[in-house]
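Undergrad: First the structure, then my questions, so here it is.
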Amino acid sequence: MAQSAQPAKKSKIKGDGVWDYAFIAVALIVYAMFTAYPVLSAFIISFQEYKPLGSTYIGFDNYAATFKDDLFWRSIKNTIVYTVLTVPVALLLSFLVAIMILPLRKKLQTVFKAVYYLPVVASGVALSLVWLWIFDPMPGGIFNQFIGWFGAHNQNWLGSSATAMFSLVIMAWLSSHGASIIIYLAALLGIDDSYYEAADLDGASFLQKLWHIVIPSLKPTTLFLLVTAIIGSFQVFQNAYLMTGGGPDHATTMVGLLIFDNAFKYFEFGKAAAQSLILALIIALVSLFQFKFLGKDVDY
Amino acid sequence: MSLYNNNTGSRAGKTARNTVIVVLLLLFALATLFPIYFMVISSFGDPVEAGAVSYSLWPGKFTLESYSFFFNYSKYSYRWILNSTIVAGAVTITNVFFATMAGYAFSKLRFKGRGVLFSILLAAMMIPYQVTQVPLYILIVNTFHIENTFSALILPGLVTVYNVFLAKQFMSSIPTEIMESAKVEGCSQLQIFFRIIMPLSKTVMAVIAILTFMDSWNTFFWPFLVTNTMDMQTIQVGLKNFRFANTTYFSPMMAGATISAVPMFILFFSLQKYFLEGVTVGAVKG
Amino acid sequence: MMNKGKALSLMLAATLSVSALTACGGNKNDNGASSPAASGSAAASGSASSGAKDTITALLPPVSPTYQDNFDQMEKDFNAKYPNLTLKIEPASWEDMTQKLDTQVNAGSPPDIAFIGSDGISKYVQQGMALDLTDVATPDMTGDYDAVPLEYMKNGNGLYGFPAYMEVHALGGNKQFLEEAGIDWKKVQKDGWTYDEFREAIKKGVVKSGDKTSRYGFVFATAGVASKDYLGIMAKSAGMPAAFTKDLKYAYTSKNYLELLTDLRQMIDDGSMPKELSSVDAGKRWNMFLTGQTMITGKGLATFENSAKKNNAKIDANDGSAVKDSIKVDYIVLPVPTFAGAAPVSSTVVDGYVAFRGKKEPTAEHKANIAKAAYFLSSGKVAATTNNDLFAAHITKSGREAAASMTIDRSADNVAAVETMLSHAAPARPDIPAELGAKAIKIENEVIVPKMQALLAGEIKPQDMYDAVKKAAIDAFGQDGIVQD
């Protein structure tokens, strides 16, 4: 029974047996059928060679072929490059923008939050259409007109490997910040004023306060954003598929796109399954690494 | 707030600083919003085959013909929107209902295997979707033979782990004492859930609803895989098909893109509070 | 108590909605159009007579400009002819035709009929998913077709569909620009041209002002679905009329191939072709032609003459529906130049209606019905209308009959030019085993197309591409399976 002398220990109600499981039943069934089963199935398929009239078992061939495949390693490299170019910049931009929104009046804050979140609301397909026209390689393309003002030559943005990756990166820089900005802002607002007051007493400057109070307090948030952004970035597929198709000559083929091509363009399901499992392993390792080295004093 | 020195200089200094900030923010906002501006503005152009010389930032004339062109492209153009609505609506309702239930159970009820089960669910969030795509596709198409149906579009998304996670996080802030006193009064589990928990969880339910609807409306990959015929496609898939069939019809393509984005824009502006709030639940402690 | 009722009604609603969901699907009419072919006929297999109800599914791209508008009429006419049979047509665009078909084939439930190029047949035969119609195609049917195009639909001993037309892939020229540049196009139509002559000719067609080129000499679509066309068509006139030589060695490792690649790259370096060529797709190449941005466009199909005429009429009518900034163009059919001193061989293409089977073997009756539907689509009135629209020659007796009453407005010069090209058509190669054909298609998809993109963008040298193709060919066919000269 709840006694007022008891400390704020969150006690759980002893369940009614059946009801506990009933409540999670639907969620569990959906999970089992559409997540757990497919993952197990992916293991099995990765050891097969798929044929519409009946697959055959080929042992570790798919894995061996993947490790020998230049294109696979190239796609890993492309994905890493893409991740390194987009994630840190995105986080930094979001952080800076959040810091800048901070001193404004509440109403203005909300306006800017909405403005930055708007692109997130539009669908990837719609945005990719627009960007395709922006990147049109003929001199009339919007981006070409823009750099034309600075006297530069028109570029074949999506068609030449020097600029294709860069174009995808720009697209990412300009469209995906809404969520992180809002998260950072919320976290910033959660920093207790007393810290600042103490620092002010010591005569700390803006930059010092930033460095000694804000950044450490934001560490859990940054870690969360970093981990989720990297996980997401490793799976990136949609923009590459819709805009460059992985070209030219596989310059923008990311691992996600390679797996898709293997599965739904060449219909080598076994190979695709093997690659996707390898990808999952890589993501898990990278996340683990991040938690270990960056999350030492964060309990999440 | 006190990050910035409020004592430095005069009010003029503060205003100046804020003005600079607003200007910078506006510039960045312009860059971010430009594609959307371009999309909407260009959709009002003529539905002729362009692709010749140059695109302008301001069209010569305003017409809605490109929109009619888009809708006339296929007799199913309206159906696409309907399909997206049905799928997104169904998935939203089921998620709100069942994810909240599961989140409540994981947060408040104590039953055997609770911790283990939840960790298993959580692990799923780390698995790249590519791993499940192929087997899921084979499951739906080769095993169940329900490809190209609403079931194929809806079932895999009935309840997502992310939503369960959100609900659980939120529920942990509801004081357990409320439930305990209800139990004392003789309420059954169901009654506790419907009469007490759900009304208290309005916020997280709204957030789940909004995020799920948006995600479902915007998703492209899965509907692209499992729909074969034009009458079952969602608006995003229809848009992609339209693009491939009409590569030089610039304005109609922008019209199509706007059509697919506008419902979400409207939803966003009217329920802004929940969108923006939903982003932080689960991401920020406290 | 009230809450229990509320809960119950909620669960009832949930159950009802789930069952409604499973019930309402896309094409699930009672003939099961979207499920494997067999289940449709399984429902009908009760009666042994040929009057059993059946549905035949067809996946069709816009074969001709008005083709897809006629779908409803085609379905009606077919049903009128065979009251117990329903033809269900699913439209696709050229761009996602292959993707859609492949997805359905690999899922084990393809449409009964799909419209594809005959060069794709080997891939599906290899998978075992193409349906051999030999025993259900009546002599009436097969006798209706001209012998040559029918050959293209065969592989080994099987007949896998019916041809719709035999087309020549050529280039298209703007008469006015050609004459301004002093090119004797009538002679070219008769005698053809070598690469060197071609190179000089297109240089003359370039119009520049300072650094900007307002008109190119030659443009060829290489992006999207057109990515295989450029090399495929040019290679035929470079001494490699098929992917395999008569003794079944892979042909694209010959030195002619390297010379071809070098020549193609050269035309861009000359400035006669846009350096953004790798992003020009089918829509754009036609757009550039109509807006006077290029003198010659490729690939050119005979039907483009029709499209150009239509746009000219729109310009005359001045109603704003013509392509923006377009000019009036007289379309001239031009042959592809020959490379490396080879004999001219036209890229003749036979596209047609190919039959497929699902995981379960279709019943004999369903097979016969598929043959009926494929025959209906590729002969008689349907073929006559389509081929006329395409300015393609009729290849069935019934088609010619039906077309006798239709008039088409075509330039005599162009008609003669097409005839000339057809006279040196590339021969059909049903002797190429399905397995080899499938491997060649794989190399094309995985090596040739991506490398070509890079070559056109100027990022690799012709030698690099040639080496990559050679390496892939050796991997696939062994040192002995390739041409070495």
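Throughout, read-outs are computed from the coordinates displayed, never taken from laboratory work. Since this is a predicted model, take the numbers as computed values, not measurements. When we count neighbours, we look across all protein chains shown, and the Cβ atoms used for this are built from the backbone with ideal geometry, even at glycine.
Undergrad: When C:Glu401, C:Glu151, C:Glu90 are ordered from fewest to most other Cβ atoms inside 10 Å of their Cβ, what list results?
TA: With the fewest neighbours first, C:Glu401, C:Glu151, C:Glu90 line up as C:Glu401, C:Glu151, C:Glu90.
Undergrad: A further question on this structure: What fraction of the DSSP beta bridges in the protein assembly as shown is antiparallel, stated in percent and rounded to the nearest 5?
TA: Bridges in the protein assembly as shown are about 65 percent antiparallel.
Undergrad: Which ordering of B:Leu25, A:Leu71, A:Leu281 is given by a fewest-first count of other beta-carbon atoms within 10 Å?
TA: A:Leu281, A:Leu71, B:Leu25
Undergrad: A further question follows. Calculated from DSSP H runs of 4 or more alone, at -39500 (n - 2.57) each and per residue, what is the 222 nm mean residue ellipticity of chain C, nearest 500?
TA: -13500 deg cm²/dmol
Undergrad: When the helices in chain A are scored as -39500 (n - 2.57) per DSSP H run of 4 or longer and the sum is shared across all residues, what 222 nm value do you end up with, to the nearest 500 deg cm²/dmol?
TA: It lands at -20000 deg cm²/dmol.
Undergrad: While we're on this one: Under 17 Å from the Cα of B:Lys112, which aspartates and glutamates turn up, not counting those fewer than eight places away in the same chain?
TA: Once the sequence-local aspartates and glutamates are set aside, what remains near B:Lys112 is A:Asp16, A:Asp20.
Undergrad: Still on this structure, I have one more. How long is the gain from C:Asp247 to C:Ala80 if the chain were fully straight, where each residue apart is worth 0.36 nm and the alpha carbon distance is subtracted?
TA: 55.3 nm
Undergrad: Here's something else I'd like to know. Could you check what % of the DSSP bridge pairs in chain C are antiparallel, to the nearest 5?
TA: Just about 65 percent of them are antiparallel.
Undergrad: In peptide A:198-205, what is the residue-averaged number of other protein chain Cβ atoms found within 10 Å of each Cβ?
TA: Mean number of neighbouring Cβ atoms from other chains: 1.
Undergrad: From Cα coordinates alone, what are the radius of gyration and Dmax values for the stretch C:415-485 in angstrom?
TA: Every Cα atom of the stretch C:415-485 included, Rg and Dmax give 15.9, 44 Å.
Undergrad: Let me check the size of the protein assembly as shown from its C-alpha atoms; what are the radius of gyration and Dmax in Å?
TA: That works out to 31.6, 106 Å for Rg and Dmax.
Undergrad: Using the Kirkwood radius over Cα pairs, work out the Stokes-Einstein diffusion coefficient for the stretch B:156-270 at 10 °C and 1.306 mPa s, in µm²/s as a whole number.
TA: It diffuses with D of about 91 µm²/s by this estimate.
Undergrad: In the structure shown, do any of A:Lys77/C:Lys442; A:Lys271/C:Lys88; A:Lys77/C:Lys451; A:Lys265/C:Lys451 have a Cα-Cα gap over 28 Å, and if so which?
TA: A:Lys271/C:Lys88
Undergrad: Next question, about the same structure. Using a Cα-Cα cut-off of under 17 Å, which lysines could be cross-linked to B:Lys273, ignoring same-chain neighbours fewer than 8 residues away?
TA: Hits, sequence-local ones excluded: A:Lys106, A:Lys107, A:Lys113, B:Lys202.
Undergrad: Which of C:Lys284/C:Lys461; C:Lys187/C:Lys310; C:Lys76/C:Lys367; C:Lys175/C:Lys299; C:Lys154/C:Lys246; C:Lys76/C:Lys372 have a Cα-Cα distance over 19 Å?
TA: Those over the limit are C:Lys284/C:Lys461; C:Lys187/C:Lys310; C:Lys76/C:Lys367.
Undergrad: Something else about it: Could you check the spin-label model distance between C:Asp191 and B:Ser270? Points 7 Å from the Cα along Cα→Cβ, value in nm.
TA: With each label placed 7 Å out from Cα toward Cβ, I get 7.4 nm.
Undergrad: In peptide A:185-191, how many Cβ atoms from other protein chains are near each Cβ within 10 Å, on average?
TA: 4
Undergrad: Something else about it: Using a 7 Å offset from the Cα along the Cα-to-Cβ direction at both C:Lys397 and B:Leu82, what is the distance between the two label points in nm, to one decimal?
TA: A separation of 4.8 nm, rounded to one decimal place.
Undergrad: With helices defined as uninterrupted DSSP H runs, which ones in chain A have an alpha carbon span along their own long axis of at least 27 Å and mean Kyte-Doolittle hydropathy of at least 1.6?
TA: Within chain A the helices that satisfy the rule are A:269-294.
Undergrad: Could you bin all the Cα-Cα distances of the stretch A:68-294 into 10 Å bins starting at 0 and give me the percent of pairs in each, rounded to whole numbers?
TA: Percent of pairs per bin, in order: 7, 26, 29, 22, 12, 3, 0.
Undergrad: Using the crude model of +1 on Lys and Arg Cβ and -1 on Asp and Glu Cβ, and no other charge, please compute the dipole size for the stretch B:137-286 relative to its Cα centre, in debye to 20.
TA: Dipole size: approximately 220 debye.
Undergrad: Could you give the semi-axes, largest first, of the ellipsoid that matches chain C, computed as the square roots of 5 times the alpha carbon gyration tensor eigenvalues and rounded to whole Å?
TA: 42, 27, 26
Undergrad: If you don't mind, there's one more thing I want to ask. If each residue's Cβ is checked for other Cβ atoms within 10 Å, how do A:Tyr82, B:Tyr78 rank with the fewest at the top?
TA: Listed from fewest to most nearby Cβ atoms, that is B:Tyr78, A:Tyr82.
Undergrad: Averaged over its residues, how many other protein chain Cβ atoms are within 10 Å of peptide A:152-162's Cβ atoms?
TA: For this peptide, the per-residue mean of nearby foreign Cβ atoms is 5.
Undergrad: Could you name the lysines whose alpha carbon sits less than 22 Å from that of A:Lys292, not counting residues in the same chain fewer than 8 places away?
TA: The reachable lysines, counting only those whose Cα sits under 22 Å from A:Lys292, are A:Lys219, B:Lys285.
Undergrad: Can you classify chain B as rounded, prolate or oblate using the Cα gyration tensor, where a ≥ b ≥ c are the square roots of its eigenvalues, rounded means a/c under 1.5, and otherwise it's prolate if a/b beats b/c and oblate if not?
TA: Here chain B falls in the oblate category.
Undergrad: Quote the FRET efficiency, to the nearest 0.05, computed for B:Trp58 versus C:Ser209 with a Förster distance R0 of 30 Å and r equal to the Cβ-Cβ distance.
TA: FRET efficiency, B:Trp58 to C:Ser209: 0.70.
Undergrad: Also, I was wondering about something else. Calculate, in nm to one decimal, what C:Asp269 and C:Asn157 gain on full extension: separation in residues at 0.36 nm each, minus their alpha carbon distance.
TA: That works out to 35.7 nm of additional length.
Undergrad: Could you give the angle, 0 to 90 degrees to the nearest 10, between helix C:434-443's Cα long axis and the longest principal axis of the Cα atoms of chain C?
TA: That helix lies at roughly 60 degrees to the long axis.
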